[in-house]
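In what follows, a structure is listed as structure tokens, so that the remarks can point back to it.
The values are calculated or read from the model by the stated rules, or taken from the named source; none is laboratory data. Just so it is clear, the model here is predicted, and its values are computed rather than measured. Because the Cβ atoms are built from the backbone with ideal geometry, glycine has one as well, and the counts that use them run over all protein chains shown. Areas reflect the complete protein model, heavy atoms only, side chains present, ligands, DNA and RNA absent. Shrake-Rupley method; radii C 1.70, N 1.55, O 1.52, S 1.80 Å.
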Amino acid sequence: MIVKLEIYSPRLSGICYVEGIGLSSNVYTIGVDEITVIDTGAGDPMNTLPPKLKTLDLDPRNVKQIILTHTHFDHTGGIEALASMASPRVLLHEDQIDDVVGFGLGVSKLHNGDSVLAGNRRLEVIHTPGHMPGAICLYERQDKILFSGDTVFPDGGFGRTDLPGGESRKLVESLARLAMLKVDFILPGHMEPVTSDARTHLATAYENAKSWL
Ligand SMILES: [Zn+2]
């Protein structure tokens, strides 16, 4: 599915959703004239971003910044195709600053508590280690939107901790912090966006992780 999320709620206006096919992460965009891309998908032929952006009436040459929730390949593989059409800067948590290589793009470090402007939205960086040491979520406080990367998934799901750098205890701590936020929409790195009962999904993820990990 490739869709403008305002079909679910006017509070999601300006945000688009490109579903990841196969192993690829989802991709979210904010804005039109100056586009912010959150995660880039795997970049394989099924997930090549520029043509997908065009179906949303978005010009890939307008991509100004790419925010990575973390640097697993299924979230970063799409950078190359965007870098060939534009010169976006790449923003990622300081703990993974060395993970992104090449493409000649400028890289900026993010820290817990930083804010990133994306169009008229202000995204707060929340460091959520556990799935990966430098994993982040992005919280848009005004409309209570959480871009949750691979930290939280719908229906009480949460990120795996058995990959390099994964740490169960830290994931539970991260989920505890997220569960305290006022969230009405969860835009996860995999599976479909949550547009109702988001706080229940978050609380369930925390409870599940506490009892399973
Ligand atoms: Zn991941």
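Positive-end ranking of Pro154, Ile126, Phe185 along the dipole of the range 106-213, with charges on Cβ about the Cα centre, is headed by Ile126.
Note on the range 2-212: with neighbouring protein chains present and a 1.4 Å probe, carbon and sulfur make up 50 percent of its accessible heavy-atom surface.
In this Cβ point-charge picture (+1 for Lys and Arg, -1 for Asp and Glu), the range 2-212 has a dipole of about 420 debye about its Cα centre. Heavy-atom accessible surface of Phe153, to the nearest 10 Å², is about 30 Å², with a 1.4 Å probe and all protein chains retained.
For the range 106-169, a/c is not less than 1.5, where a ≥ b ≥ c are the root eigenvalues of the C-alpha gyration tensor, and a/b does not top b/c. That puts it in the oblate class. Listed cross-link partners Lys64/Lys109; Lys4/Lys210; Lys4/Lys52 are compared with a 24 Å cut-off, the Cα-Cα value being larger for Lys4/Lys210. Given axes a ≥ b ≥ c from the Cα gyration tensor, I'd like to know whether the range 101-213 is rounded (a/c under 1.5), prolate (a/b larger than b/c) or oblate. Judged from the Cα gyration tensor, the range 101-213 comes out oblate (a/c at least 1.5, b/c at or above a/b). How far is helix 168-179 tilted, in degrees, relative to the longest principal axis of the Cα atoms in the chain, given as a value from 0 to 90 rounded to the nearest 10? Compared with the principal axis, the helix lies near 80 degrees.
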